[in-house]
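Here the structure comes first, spelled out in structure tokens, and everything after it is commentary.
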Amino acid sequence: MTTRAGFIALIGEPNAGKSTLTNAMVGAKVSIVTHKVQTTRARIRGVAMEGDSQLVFVDTPGLFKPRRRLDRAMVAAAWSGAADADVIVLLIEAHRGITEGVESILEGLKDLPKNRTVALAINKIDRVEAPALLALTQAMNERYEFARTFMISAEKGYGIEDLRHWLAGEMPESPWLYPEDQIADLPMRMIAAEMTREKLTLRLHQELRTVLRTSSRPRCEALAQAAPSLW
């Protein structure tokens, strides 16, 4: 039996749906998902099987304009994951279209080796009408020569099977890189810690919103300055 295996880097702006897509592909929760941007702070690998192919999805931090040292490290990690992958999938949000951030990512893709396979996945297609999707697809492919374009909803599962099947065919011939029943490269203790971080982030955001609704304006301003990234 000929087996295939390879790495697929999911790149895009913060909150584009990379972690949600990773979980959908794997069929289990291996990457946390919250409303907060930059929830993913390191490369997380989710492992999925499709026929005789093993797909290793690299969920990278969102690409954005860095301001702090941590920001620069996260962006560097994302591009490093893309450079090392066999296939790159760029996720963009259908309802947001070609933003300044997407334009920046397209420029970054031009610096990668010419033989790198790059696919486009337009996510959250349930939020826009078909004519807008077609126009966005045309505009994106005019800016970059994508190997394939997929219209998906990572949250609702639309288009996921087609994308996974295509990715399986793009993987190089190779022995499987992980045991067949392994779904992530993280130890269970670290996965549990990530799940805890997800719940804490969601609960803290909810608690702070409650405080804001019931607090005076000076206190609200003080909280906003103390934790601006939570809004």
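FYI, it's all coordinate maths here, none of it is from the lab. Quick caveat: nothing in here was measured; it's all calculated off a predicted structure.
Taking H as built 1.01 Å from N, whose amide H comes closer than 5 Å to the amide H of SER53, not counting residues under 5 places away?
Long-range HN contacts for SER53: ARG4.
Once you've got the Cα coordinates, tell me which of LYS29/LYS114; LYS29/LYS124; LYS114/LYS156 are over 26 Å apart.
Long pairs (Cα-Cα over 26 Å): LYS29/LYS114; LYS114/LYS156.
Explain nothing, just compute: Karplus ³J(HN,Hα) = 6.51 cos²θ - 1.76 cosθ + 1.60, θ = phi - 60°, for every residue of segment 13-29 in order, whole Hz, x for Gly and Pro.
5, x, 6, 6, x, 5, 5, 5, 5, 4, 4, 5, 5, 6, x, 7, 7
So what J values fall out for segment 109-120 if you push phi through Karplus, 6.51 cos²θ - 1.76 cosθ + 1.60 with θ = phi - 60°, rounded to Hz, Gly and Pro as x?
Coupling constants for segment 109-120: 4, 5, 8, 7, x, 5, 8, 6, 7, 10, 10, 10 Hz.
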